[in-house]
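For reference, the structure is listed below as structure tokens.
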Amino acid sequence: YTILSRVHSDRNVYPSAGVLFVHVLEREYFKGEFPPYPKPGEISNDPITFNTNLMGYPDRPGWLRYIQRTPYSDGVLYGSPTVENVGKPTIIEITAYNRRTFETARHNLIINIMSAEDFPLPYQAEFFIRNMNVEEMLASEVLGDFLGAVKNVWQPERLNAINITSALDRGGRVPLPINDMKEGVYVMVGADVPFSSCLREVENPQNQLRCSQEMEPVITCDKKFRTQFHIDWCKISLVDNTKQVSTFQEVIRGEGILPDGGEYKPPSDTLKSRDYYSDFLITLAVPSAIALVLFLILAYIMCCRREGVEKRNMQTPDIQLVHHSAIQKSTKELRDMSKNREIAWPLSTLPVFHPVTGEIVPPLPTDSYDNTSMPLMQTQQNLPHQTQIPQQQSAGQY
């Protein structure tokens with residue numbers, strides 16, 4: 001495909017500062033710049049998307065937002081201009097992309113922000129509408145119906161829509177695609193008269209308690225919105241700019257202010273040399289000397305003051321020495337047994353006398369039993385030359 005680019009003539013708009021600005025990027029306006037379908041007479045419905053940015057920059061100004069749901073719907077630029085941009089033309093570059101032919105068309109939107117005579121409006125109220133998306137609310141007829149309902153409740157002389165913000169931009173979650181759920185939208189309006197009693201009802205303690213319990217508050221004028229707009233009255237925000245107190249405080253000089261110390265006198269450029277030998281002795285030599293002395297004392301105690309094994313044995317009772325010697329011999333014998341299981345059983349593990357007659361029993365030969373399965377101590381049933389002990393009989397048999 002040959003990618004072409006066409007530039008439309010510039011378009012000038014004149015929004016007012018502090019008043020909602022809405023500009024629709026119509027797909028029909030750009031369709032004439034793209035070639036028609038191959039078949040003549042067929043209705044063209046190419047997918048078209050838009051890219052908007054401030055001239056010379058990759059993004060839009062901070063007050064300006066853009067939304068387009070699908071490539072088959074119109075794009076919308078909306079936002080609330082600020083006072084800082086009054087008198088400065090803002091040039092927005094709009095680029096339309098044809099997703100079928102990969103062609104582009106460009107034109108510039110020159111926004112000349114005008115100053116409003118009665119801006120800012122001192123009384124501002126922000127409503128949260130649950131059953132609307134931002135592009136639905138930006139439609140002129142829907143926004144007009146909402147402002148008409150607010151004017152019927154508030155009864156101001158001047159009423160303007162200041163800003164519209166999607167709930168997703170306020171940290172809201174994307175709704176589930178069931179039951180035609182909407183993401184919600186915040187609408188801020190301003191008026192020149194104080195808030196009506198209906199709008200003040202949300203500040204009642206009873207309604208505040210119901211809101212804290214996640215219950216719907218009782219608002220008398222809710223029925224005037226309910227037919228088309230479902231308003232969450234717990235999220236309404238009322239701002240009275242006439243009662244805003246300035247946070248600027250004049251600095252009062254008191255005792256905390258340091259007195260004047262005169263002119264600053266920097267140190268001299270020529271510094272005297274300093275001897276660090278004494279510091280070295282204090283930080284390294286002295287601790288090292290103390291550690292060496294402690295090491296020599298400990299070595300003398302452990303190496304030169306040993307009493308010896310002979311003195312220990314002389315002070316130990318003979319019965320304890322014999323007991324310890326027997327334990328060592330048994331331990332050595334068991335270790336030798338574990339090394340070679342084929343040797344004869346040691347005499348220490350076999351009976352040396354008959355348990356009944358008291359006769360001396362010689363050890364069994366090594367080839368007459370299984371070394372691996374024979375217990376350490378033989379039972380009386382396995383002993384040779386065992387005599388049967390007579391059983392006691394009952395008295396009736398004698």
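Tally time: how many residues in region 176-185 are open to solvent by less than 30 Å² (accessible area, probe 1.4 Å) and either outside any strand (DSSP E or B) or within 18 Å of PRO120 (Cβ to Cβ) (or both)?
First, the residues of region 176-185 that are open to solvent by less than 30 Å² (accessible area, probe 1.4 Å): 183-185.
Checking which are either outside any strand (DSSP E or B) or within 18 Å of PRO120 (Cβ to Cβ) (or both) leaves us with 183-184.
The number of residues fulfilling the criteria is 2.
Using the structure shown, decide if ARG170 is basic (Lys, Arg), under 23 Å from LYS224 (Cβ atoms) and not assigned by the TED database to the domain that holds GLY18. Outline the logic, then answer.
Working: basic (Lys, Arg): yes; under 23 Å from LYS224 (Cβ atoms): no; not assigned by the TED database to the domain that holds GLY18: yes.
Criteria not met by ARG170.
Could you say which residue among SER197, SER212 is assigned by the TED database to the domain that holds GLY144, open to solvent by 20 Å² or more (accessible area, probe 1.4 Å), small (Gly, Ala, Ser) and more than 30 Å from ASN160 (Cβ to Cβ)?
On the way: SER197 fails: more than 30 Å from ASN160 (Cβ to Cβ).
Checking each option against the conditions leaves just SER212.
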Filtering region 148-157 for residues that are surrounded by fewer than 16 Cβ atoms within 10 Å (Cβ to Cβ) and touching a residue at least 12 places away in the same chain (Cβ under 8 Å) leaves a count of 3
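Residues in region 137-144: is at least one of a type in the set (D, E, K, R), out of contact with any strand residue (DSSP E or B) (no Cβ under 8 Å at 6 or more places or on another chain) and not assigned by the TED database to the domain that holds ALA17? Even if it seems obvious, please write down each step before you answer.
Kept after step one, since they are of a type in the set (D, E, K, R), are these residues of region 137-144: 141.
The next check asks that each one be out of contact with any strand residue (DSSP E or B) (no Cβ under 8 Å at 6 or more places or on another chain); those that pass are 141.
Among the residues that remain, those that are also not assigned by the TED database to the domain that holds ALA17 are: 141.
Looking through region 137-144, at least one residue is of a type in the set (D, E, K, R), out of contact with any strand residue (DSSP E or B) (no Cβ under 8 Å at 6 or more places or on another chain) and not assigned by the TED database to the domain that holds ALA17.
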Given (1) closer than 25 Å to GLY62 by Cα; (2) among the aliphatic types (A, V, I, L, M); (3) over 38 Å from the mean Cα position of the chain (by Cα), ALA149 misses just (1)
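The values are calculated or read from the model by the stated rules, or taken from the named source; none is laboratory data. All values reported here derive from a predicted model rather than from experimental measurement. Virtual Cβ from ideal backbone geometry, glycine too; neighbours counted across all protein chains shown. Ligands, DNA and RNA are stripped out before the accessible areas are found, and what is left, the full protein with its side chains, is counted by its heavy atoms. Shrake-Rupley method; radii C 1.70, N 1.55, O 1.52, S 1.80 Å.
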